[in-house]
Amino acid sequence: MSTGQCPSPTQSPAAFTPPPQRWQLAPSRTEQATALGAAAHLPHIVAELLLARGIDSAEAAHAFLNPDIAQLHDPFQMLGMAVAVDRIEKAIAGGETILLYGDYDVDGTTAVVLLKTAIEMLAGTSGAKVRFHVPHRINEGYGMQSTVLERASAEGVALIISVDTGMRAFAEARRARELGLDLIITDHHLPDADDAVPEALAILNPNQPGCTYPEKSLCGAAIAFKIAHALLDRHDPARTKEKTVPSFLKMVALATVADAVPLKGENRVLAALGIRELHRPAGLGLRALFKAAGLDPASKQLTAFDLGFRLGPRINAAGRMDIAAEVVELFTTRDAARAHELAEKLERLNTERRETEAEALRQLEMRLADDDLIEKRILVLAGDRWHRGVIGILASRVVDRTSKPALVISVEDGVAYGSGRSIDSFPLLEAIESCAELYTRFGGHAFAVGFALPADRLPEMERRICAFASQKLAGKPVEQILHIHAELPLDRVTPALSGWLRKLEPLGHGNPEPVFLARSLRLVGPVRVMKEKHIRLELAPLTTHNSAASTLRTAPVSAVGWNLAHRAQLLGLQQGSIIDLAYRIRENDHPQYGGLQIEIAGIELA
């Protein structure tokens with residue numbers, strides 16, 4: 001059974017065969033792209049990419065390629081915003097103590113920083129104070145706890161604002177009311193299956209019933225920013241637009257990218273403007289974090305990759321491995337030495353996180369080679385005391401390797417703590433809700449969930465989850481889909497084109513990095529294998545004059561493929577082979593070896 005024990009650490013990992021890759025080439029829209037390119041003065045290939053993103057007019061193309069603060073929606077369009085702002089202003093005027101109840105990831109901690117900063121800017125000498133509580137992942141777990149509310153009430157707190165949490169805190173909301181606390185819930189997680197919401201003074205969540213706010217996929221920090229924007233705009237609209245909003249967008253960009261919400265619509269504007277501002281990090285904590293990550297924002301063009309894979313993991317490491325509240329201290333301290341100390345601690349914690357993850361992943365890869373898992377449409381993988389701080393990452397790794405939804409579970413003292421990630425075609429939160437009575441708590445998004453339940457219920461949960469997946473995914477093959485956005489011969493890859501592609505940033509979920517297809521390329525040299533798993537190919541395109549003859553043209557192009565040595569061996573690639581290549585265009589900013597690079601996404605024999 002897949003919830004059994006892991007193999008002994010002394011065992012060597014068995015071979016795991018990834019599912020086959022299938023290329024899916026976007027339909028060509030030559031006539032539309034030609035018209036859009038002419039109207040918007042764009043290269044044809046860029047016009048094709050914009051059309052694939054639903055942008056079909058010169059005006060829409062200009063707005064997409066030139067994000068501006070004017071494109072942000074009015075925060076008062078969000079249901080509950082006026083009530084929330086009025087209550088916060090009352091608390092400030094009355095010198096009340098406000099408690100911000102956050103979460104332990106990048107989204108939750110940056111949301112606390114944003115709202116804390118905004119309220120303190122307005123509090124002045126009113127006597128109002130802002131406290132915060134960020135739960136400990138291991139000791140408290142996700143979500144609001146009544147004991148924290150009771151303690152806050154006893155200490156004189158009258159207003160509690162949740163950030164990035166609370167959408168399913170029904171019992172906690174009732175307890176807040178019993179204690180005489182005003183509760184404002186700000187969250188972006190999906191409501192209960194029957195659309196029920198907790199009883200609170202105000203709820204700010206674009207996904208709640210009745211909310212007509214245009215952008216439904218804001219992260220938690222973005223919703224906190226919307227409150228900050230609304231509060232500050234009432235007091236000094238001009239300064240808010242010109243100075244305060246741009247400075248706040250740094251934190252919003254970090255959270256938006258790290259929380260993997262779709263980078264389109266307003267989210268893309270928030271992230272793009274925030275990344276622009278991150279080139280001028282003013283706060284001591286932010287500067288210390290850049291230094292610890294080895295990033296110089298003044299000399300490097302920042303991308304979503306830098307936020308998602310260099311800055312974000314270091315911030316998340318606090319909540320995964322230690323105390324997330326220190327992230328709030330990092331971004332609010334005015335002591336340079338303390339900022340440096342905290343940033344260095346995040347660096348150490350991130351190293352510890354990587355090592356912990358690597359060991360657990362090695363055990364999981366042994367499990368994935370088990371024949372019993374081959375026929376399963378969802379993978380339920382439990383281990384004894386796997387670190388709860390990394391099980392979400394492990395679930396993502398399993399999905400990447402298997403193209404199947406995955407739940408990774410740590411069993412500790414009779415309790416199973418789980419985290420799940422999914423594929424595009426499978427609504428994982430619905431699967432969890434199909435056996436809701438088994439859990440002590442659960443929540444999340446359509447494709448990412450967290451939960452806890454008594455360990456003795458694991459077999460029943462697995463049985464029902466697997467039955468749900470078998471029904472939903474019946475008839476759908478298990479395969480890795482490589483989405484190819486356009487055909488582009490290698491000789492059309494130029495620095496000028498790369499400059500245009502940079503304007504598509506920030507790239508990520510919802511605004512994917514373009515993958516191109518080049519057909520009929522000849523290997524002009526042997527396959528070079530690096531570190532036994534990576535490859536480098538020297539390629540030249542062919543021009544076919546007739547069915548009997550082909551001639552080489554242009555200088556060879558070098559392409560690198562990570563973890564593709566096995567694929568090259570499987571295809572029998574050798575000098576003279578003719579292949580079709582799926583690839584990405586990358587820029588290496590190394591001072592000596594920098595420049596454009598072709599990164600292989602897939603290989604097929606022509």
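Looking at the structure I just gave you, is F331 of a type in the set (F, W, Y) and closer than 27 Å to E140 by Cβ? Give the steps one after another, and end with the answer.
Values: of a type in the set (F, W, Y): yes; closer than 27 Å to E140 by Cβ: yes.
Criteria met by F331.
Can you name every one of the strands (runs of 3 or more DSSP E) wholly within segment 414-484 that holds 1 or more residues which are buried (at least 21 other Cβ atoms within 10 Å of the Cβ)? Step through it out loud before you land on a result.
Details: elements: 415-421, 441-444, 448-454, 480-484.
The strands (runs of 3 or more DSSP E) meeting that bar are 415-421, 441-444, 448-454.
Kindly list the number of the only condition in (1) within 30 Å of S422 (Cα to Cα); (2) at pLDDT 95 or above that fails for A518.
The single condition A518 does not satisfy is (1).
Restricting to segment 26-49, name every residue that is more than 15 Å from F516 (Cβ to Cβ) and buried (at least 17 other Cβ atoms within 10 Å of the Cβ).
Result: L36, G37, A40, L42.
Which residues, counting only those in segment 394-413, are open to solvent by 10 Å² or more (accessible area, probe 1.4 Å) and not hydroxyl-bearing (S, T, Y)?
R397, V399, D400, R401, K404, V411, E412, D413
Take E178 and tell me if it is open to solvent by 30 Å² or more (accessible area, probe 1.4 Å), acidic (D, E) and either under 15 Å from G220 (Cα atoms) or in contact (Cβ under 8 Å) with a residue 24 or more places away in the chain (or both).
On the way: open to solvent by 30 Å² or more (accessible area, probe 1.4 Å): yes; acidic (D, E): yes; either under 15 Å from G220 (Cα atoms) or in contact (Cβ under 8 Å) with a residue 24 or more places away in the chain (or both): no.
No, not satisfied.
Within segment 492-526, restricting attention to residues that are touching a helix residue (DSSP H, G or I) at 6+ places or on another chain (Cβ under 8 Å) and open to solvent by 40 Å² or more (accessible area, probe 1.4 Å), which residue is farthest from I45 (Cα to Cα)?
Only one residue tops the list, namely E505.
Only one of (1) open to solvent by 30 Å² or more (accessible area, probe 1.4 Å); (2) over 21 Å from G475 (Cα atoms); (3) not hydrophobic (A, V, I, L, M, F, W, C) fails for K376. Which number is that?
(2) is the only condition that K376 fails.
Looking only at segment 50-73, which residues are surrounded by 15 or more Cβ atoms within 10 Å (Cβ to Cβ) and among the hydrophobic types (A, V, I, L, M, F, W, C)?
Result: L50, L51, A52, I55, A58, A60, A61, A63, F64, L65, L72.
Of everything in segment 23-44 that's part of a helix (DSSP H, G or I) and either hydroxyl-bearing (S, T, Y) or in contact with a Phe, Trp or Tyr (Cβ under 8 Å, 6 or more places away or on another chain) (or both), which residue is nearest to I484 (Cα to Cα)? Please lay out each step first, then the result.
Let us first name the residues in segment 23-44 that are part of a helix (DSSP H, G or I), namely 30-40, 44.
When the remaining residues are screened for being either hydroxyl-bearing (S, T, Y) or in contact with a Phe, Trp or Tyr (Cβ under 8 Å, 6 or more places away or on another chain) (or both), the result is 30, 34.
Details: T30: 16, T34: 20 Å.
Restricting to residues being part of a helix (DSSP H, G or I) and either hydroxyl-bearing (S, T, Y) or in contact with a Phe, Trp or Tyr (Cβ under 8 Å, 6 or more places away or on another chain) (or both), the top hit is T30.
Just the residues that are surrounded by fewer than 15 Cβ atoms within 10 Å (Cβ to Cβ), touching a residue at least 40 places away in the same chain (Cβ under 8 Å) and among the hydrophobic types (A, V, I, L, M, F, W, C), please, taken from segment 334-368.
The one that is surrounded by fewer than 15 Cβ atoms within 10 Å (Cβ to Cβ), touching a residue at least 40 places away in the same chain (Cβ under 8 Å) and among the hydrophobic types (A, V, I, L, M, F, W, C): A336.
Filter segment 128-150 down to residues that are touching a strand residue (DSSP E or B) at 6+ places or on another chain (Cβ under 9 Å) and either among the small types (G, A, S) or surrounded by fewer than 15 Cβ atoms within 10 Å (Cβ to Cβ) (or both) and give me whichever is nearest to I185 (Cα to Cα).
This residue is G143.
Given the condition in a loop (DSSP other than H, G, I, E, B), in contact (Cβ under 8 Å) with a residue 12 or more places away in the chain and open to solvent by less than 40 Å² (accessible area, probe 1.4 Å), answer yes or no: does some residue in segment 106-126 qualify?
Going through segment 106-126, the residues in a loop (DSSP other than H, G, I, E, B) turn out to be 124-126.
Filter once more, keeping what is in contact (Cβ under 8 Å) with a residue 12 or more places away in the chain: 126.
From what's left, open to solvent by less than 40 Å² (accessible area, probe 1.4 Å): none.
Looking for residues that are in a loop (DSSP other than H, G, I, E, B), in contact (Cβ under 8 Å) with a residue 12 or more places away in the chain and open to solvent by less than 40 Å² (accessible area, probe 1.4 Å), one finds none in segment 106-126, hence no.
Do you know which residues across segment 275-306 are touching a residue at least 60 places away in the same chain (Cβ under 8 Å) and open to solvent by less than 70 Å² (accessible area, probe 1.4 Å)?
If the condition is that a residue be touching a residue at least 60 places away in the same chain (Cβ under 8 Å) and open to solvent by less than 70 Å² (accessible area, probe 1.4 Å), then I275, K300, T303, A304 are the ones that fit.
Here is a list: A455, A436, A446, A431. Which entry is among the small types (G, A, S) and within 30 Å of V515 (Cα to Cα)? Walk me through how you get there before you give the answer.
Numbers: A455 fails: within 30 Å of V515 (Cα to Cα); A436 fails: within 30 Å of V515 (Cα to Cα); A431 fails: within 30 Å of V515 (Cα to Cα).
Residue meeting the stated conditions: A446.
Is it the case that F309 is of a type in the set (F, W, Y) and open to solvent by less than 20 Å² (accessible area, probe 1.4 Å)? If you could, list the steps in order and put the result at the bottom.
On the way: of a type in the set (F, W, Y): yes; open to solvent by less than 20 Å² (accessible area, probe 1.4 Å): no.
Considered against the rule, which asks whether it is of a type in the set (F, W, Y) and open to solvent by less than 20 Å² (accessible area, probe 1.4 Å), F309 comes out as no.
So A325 ticks every box in (1) open to solvent by less than 20 Å² (accessible area, probe 1.4 Å); (2) touching a residue at least 12 places away in the same chain (Cβ under 8 Å) but one. Which box is left unticked?
It is condition (1) that A325 fails.
Looking at segment 149-263, what helices (runs of 4 or more DSSP H) fall wholly within it and have at least 1 residues that are under 20 Å from A448 (Cα atoms), touching a helix residue (DSSP H, G or I) at 6+ places or on another chain (Cβ under 6 Å) and at pLDDT 95 or above? It would help to see each step written out before you state the result.
Details: elements: 170-178, 220-235, 245-258.
Helices (runs of 4 or more DSSP H) meeting the threshold: 220-235, 245-258.
Give me the pairs: first residue in segment 22-33 and modelled with pLDDT of 95 or more, second residue in a helix (DSSP H, G or I) and surrounded by 11 or more Cβ atoms within 10 Å (Cβ to Cβ), beta-carbon distance under 7 Å, and six or more apart or on different chains, which are they?
If the second residue must be in a helix (DSSP H, G or I) and surrounded by 11 or more Cβ atoms within 10 Å (Cβ to Cβ), the pairs left are Q32/L51; A33/H44; A33/A47; A33/E48; A33/L51.
Going residue by residue through segment 276-288, is there one that turns out to be within 21 Å of the chain's Cα centre (by Cα) and closer than 22 Å to S162 by Cβ?
No, segment 276-288 has no match at all.
Looking at P506, P512, P495, which one is under 32 Å from the mean Cα position of the chain (by Cα) and without any contact (Cβ under 8 Å) to a residue 60 or more places away in the chain? Talk me through it step by step, then tell me what you get.
Values: P506 fails: without any contact (Cβ under 8 Å) to a residue 60 or more places away in the chain; P495 fails: without any contact (Cβ under 8 Å) to a residue 60 or more places away in the chain.
The conditions single out P512.
The values are calculated or read from the model by the stated rules, or taken from the named source; none is laboratory data. Fair warning: this is a prediction, and the values are worked out from it, not measured in the lab. Methodologically, a virtual Cβ is constructed for each residue, glycine included, from the backbone with ideal geometry; neighbour enumeration extends over all protein chains shown. Keep in mind that these areas ignore ligands, DNA and RNA; they rest on the heavy atoms of the full protein, side chains included. Shrake-Rupley method; radii C 1.70, N 1.55, O 1.52, S 1.80 Å.
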